[in-house]
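> I am attaching a structure below and will ask some questions about it afterwards.
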Amino acid sequence: MDPAVLAAATADDIDDDDTLEESSAGRLYEAYNELHGLAREFETRVDAPAVLVVGHQTDGKSALVEALMGFQFNHVGGGTKTRRPIALHMTYDPSCEIPRCRLVPDSGDPAAEPRVMSLPDIQAYIEAENMRLENEPRQFSEKDIIIKIEYKYCPNLTIIDTPGLVAPAPGRKNRALQSQARAVEALVRAKMQQKEYIILCLEDCSDWSNATTRRIVMQVDPELSRAVIVSTKFDTRIPQFARSSDVEVFLKPPAYTLDGCLLGDSPFFTSVPSGRVGPGNDAVYRSNEEFKKAISLREIEDIACLEEKLGRLLTREERSRIGVSSLRLFLEDLLRKRYMDCVPLIIPLLEKEYRSATRKLREINQEISNLDEVKLKEKGRAFHDSFLMKISLLLKGTVVAPPDKFGETLQDERTNGGAFIGTDGLQFPPKMMPNAGMRLYGGAQYHRAMAEFRLVVGGVKCPPITREEIVNACGVEDIHDGTNYSRTACVIAVAKARDTFEPFLHQLGFRLLYILKRLLPISVYLLQKDGEYLSGHEVFLRRVEVAFNNFAESTERACRDKCMEDLTSTTRYVSWSLHNKNRAGLRHFLDSFAGTEHSSSSANLSCSALPQESSFGQTISDNKLESRLKVESKSSFDISHTTEARLVDLLDSTLWNRRLAPSSERIVYALVHQIFHGIKEHFLVSTELKFNCFLLMPVVDKLPTLLREDLESVFEDDLDNIFDVTQLLHSLGQRKRELEIELKRIQKLKDKFKDIHEQLNSPHHLHQVNVPDSNKPA
């Protein structure tokens, strides 16, 4: 055969193989784009290989990214020009003469469509974000700016440009810059943690022993197994070497210098020509095509300058490390291989999502078939019984609901349900309460609240009594103008008791009502956990919620009214039998200032009444007896006279005299405290008993009947509206159609990835991979 014909046939085969390879890669990228769109919808993370660019400020990160893209879009220069990572999803499209850019919204809504924007608009958006963050305290954001780009000069790459690392000078005056450096380093390190990312590590140095950026990268990737080392600004580096041997060491550094397993085995060397693209006088290039040509020209000049410095021609392997185009081809090929390696992992993921969507579709079909009157009533009654069982379980005690999610400490309970605060405005210290720091709910929380009520109210003291209050409480009787200090004490005691205890009654009702209402969301959680929740029947569930809350509020109000009636009766009429529990103390208090005259008279009387024996005979005895009778008669007269005098003095100081004597003040004070204490004891016992009987117990024995009656009345009158059958049918039908579409999309993707997987494992493709391509030019 003619050699020319053979060469032409071989060239055609090579072109066909290249076309096939490009077609396969294009189908793979297209499938991955569809996969990412679907993954956002069913909220599943799909690891996508990407190139993460890491370097210090002025290392030329953004310039290198623009050179890889084939057009300029961002600010390049000294200082911090990138304050948010910029994720560039690039797709090669030979039909795009100018870059077609779409900005993905920051809203986080998976359904939000990317917004088509021109390059100037993209630049303006990035500049605005940088200026906004520069004025904020954090100055940086870890959230990516995502831009999708299609262009005839773009490689099929996903590149993420990160903020430049900062190496601040030490000293207090550089604290702001040091803080900024820590923030940037933390952001970049977090990005490098993602195992699927290829790290493009940029070094601006002439000596590989200076590991400026590598020091940060190796904290995450110690072996540099995911790193590609790039020496930037190579055109300025070559003239710095005086000897060819130095250049040889720099091009091929010893293994001990670059410790690790580099991707590509050795560094890449790139130069990007300075100058911006634009129509202005300060622009160097009028179009992106000129910029692209300048990059190619810079590569040729670098190779020529390098060969001149070395005094020899570069080998094929050395040439493959020089220039942006070589780095671009290497990254594109590396990324394509990573994509292909991920293909076998994607198929099981799609199988899982397909099974999940199939199960959801089956459940929806089952729900649609259950939308008839008899089955809806059965479901409603079953939910009613399950809901009441969960309420009862929560009151009796359970650990099924997680305390960290539903429990409340005493401080949380006080904040949300109100605290017990007396007339002095002070709260009882939480640390004095048992279980104050524990997160409780249900019956345990109810018991703790009641225990706090007993502790707080039981410790209440009678408020201070002033002399003015005593005098004002005396008033004037309807038949005389004397004073009645027992009535005065009653007036003061009941007024102070009512003002003191009534606020506690309202606080207790509000607190216990709050605790009961918390049972509803916890019971809903338990129903969902046990698979007994009626999802989709929102109107019915709202009806149950409203009925429960109305029952709790009306029951608490009725119970509080009963307690209020009891407090009113206790503070309206004083029954002394309620306040005689401490009569001995009160008697001792009154006896302490009753005077000593009576005691002295009694002592004299006792002494004079003692019998005396004499040895002088009967006459002397008779005389003695007569004398003694006279003495007794005289003593009785004196005692009667003394008692009458003391009674007159008592009446004069308590009934007729309005000048408040110390003895009268002490009597009133003692009586008020005695009455207040009796009212407090009665209030505590009766309030706790009534709330237990008329608030807690109705939840157990009256709520089931009330809910069942409400349920049955609704079933008879408004079944369609309570279950919202029409709306439910519409929403289930819509959801069914969405799931059917999703199943088709998943199936389509499954078929695509299976075809790609089979093609990658075909003998022809394996042969192309294993046989080196010696026909391609260097």
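Bear in mind these aren't lab numbers, they're just calculated from the coordinates by the rules spelled out. Computed from a prediction, not measured in an experiment: that's the story for all the values here. Every residue, glycine among them, receives a Cβ derived from its backbone with ideal geometry; neighbour counts consider all protein chains shown.
> May I ask for log10 I(q)/I(0) of the range 47-322 at q = 0.08, 0.17 Å⁻¹, from a Debye sum over the Cα atoms as equal point scatterers with solvent left out?
Per q value, in the given order, log10 I(q)/I(0) is -0.35, -1.53.
> Now for a different question. In the range 176-222, which trypsin sites (Lys or Arg not before Pro) fall in coil by DSSP and have 15 or fewer other Cβ atoms within 10 Å?
Details: sites: Arg182, Arg189, Lys191, Lys195, Arg214, Arg215; in loops: Lys195.
When the trypsin sites (Lys or Arg not before Pro) of the range 176-222 are filtered for loop state and at most 15 Cβ neighbours within 10 Å, Lys195 remain.
> Here's a follow-up. How do the peptides 664-670, 201-207 rank, highest first, by the average count of neighbouring beta carbon atoms within 10 Å per residue?
On the way: 664-670: 17.3, 201-207: 19.7.
Result, highest mean first: 201-207, 664-670.
> Applying a 10 Å radius around every beta-carbon, put 222-233, 119-130 in order of their mean neighbour count, most first.
Values: 222-233: 19.4, 119-130: 15.3.
Descending packing order for the listed peptides: 222-233, 119-130.
> Per residue of the range 285-295, in order, report the coupling 6.51 cos²θ - 1.76 cosθ + 1.60 (Karplus, θ = phi - 60°) as ³J(HN,Hα) in whole Hz, putting x for Gly and Pro.
In residue order, the calculated couplings are 10, 7, 8, 5, 5, 4, 4, 5, 5, 5, 5 Hz.
> Only Lys, Arg, Asp and Glu count, each charged at its Cβ (+1, +1, -1, -1), so figure out the dipole size of the range 47-322 about its Cα centre, rounded to 20 debye. All intermediate terms of the calculation are to be shown ahead of the outcome.
Values: 36 positive and 39 negative charges, 127 e Å.
The calculation lands at about 600 debye.
> Another question, if that's okay. Please go through the residue pairs Lys360/Lys396; Lys148/Lys352; Lys496/Lys690; Lys195/Lys337 and name each one whose alpha carbons sit more than 25 Å apart in this structure.
Lys360/Lys396; Lys148/Lys352
> Amide H neighbours of Ile199 under 5 Å, counting only residues 5+ apart in sequence or on other chains, H built in-plane at 1.01 Å?
Result for Ile199 returns Leu52, Ala227, Val228.
> Moving on. Going by average Cβ density within 10 Å per residue, which order do the peptides 508-517, 522-531 take, highest to lowest? All intermediate terms of the calculation are to be shown ahead of the outcome.
Working: 508-517: 21.4, 522-531: 16.0.
Top to bottom by mean Cβ count within 10 Å: 508-517, 522-531.
> Something else now. Search the structure for amide H atoms under 5 Å from the amide H of Cys96, placed 1.01 Å from N in the peptide plane, and list their residues when 5 or more places away or on another chain.
Long-range HN contacts for Cys96: Lys152.
> List the residues whose amide H sits under 5 Å from the amide H of Ser271, counting only those 5 or more places along or on another chain, with H placed 1.01 Å from N in the peptide plane.
Phe234, Gly323, Val324
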